[in-house]
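The next block holds one structure in the form of structure tokens; read it before the comments.
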């Protein structure tokens, strides 16, 4: 069952339906085309996937896309 997720990414509003288990890093790369956020290690150790979530640094490989509902996200592109 997909869930609707509304976020503001780099100042632009986005709404998508996503699977509950989809990681935020994959949502950014695959659904939004923001490939500057990298997948470096798959173990949350390297920090290549770090973005700002409401102004705080977060490794996007450790957060589900549904957890970003209503949040402001800033990637390296923004």
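No lab work stands behind these numbers, since they all come straight from the coordinates. The structure presented is a predicted model; accordingly, all values stated were derived computationally and were not measured.
Where the centroid of each part is defined by its Cα atoms, how far is region 61-78 from region 27-53 in Å? Measuring centre to centre over Cα atoms gives 10 Å.
Grab the Cα-Cα distance for residue 52 and residue 30, subtract it from 0.36 nm times how many residues apart they are, and report the gain in nm with one decimal. List each step's numbers first, then the result.
On the way: separation 22, 0.36 × 22 = 7.92 nm, distance 1.83 nm.
Stretched out fully, the residue 52 to residue 30 stretch lengthens by 6.1 nm.
What is the extension gain from residue 10 to residue 43, computed as 0.36 nm multiplied by their sequence separation minus the C-alpha to C-alpha distance, in nm to one decimal?
9.3 nm
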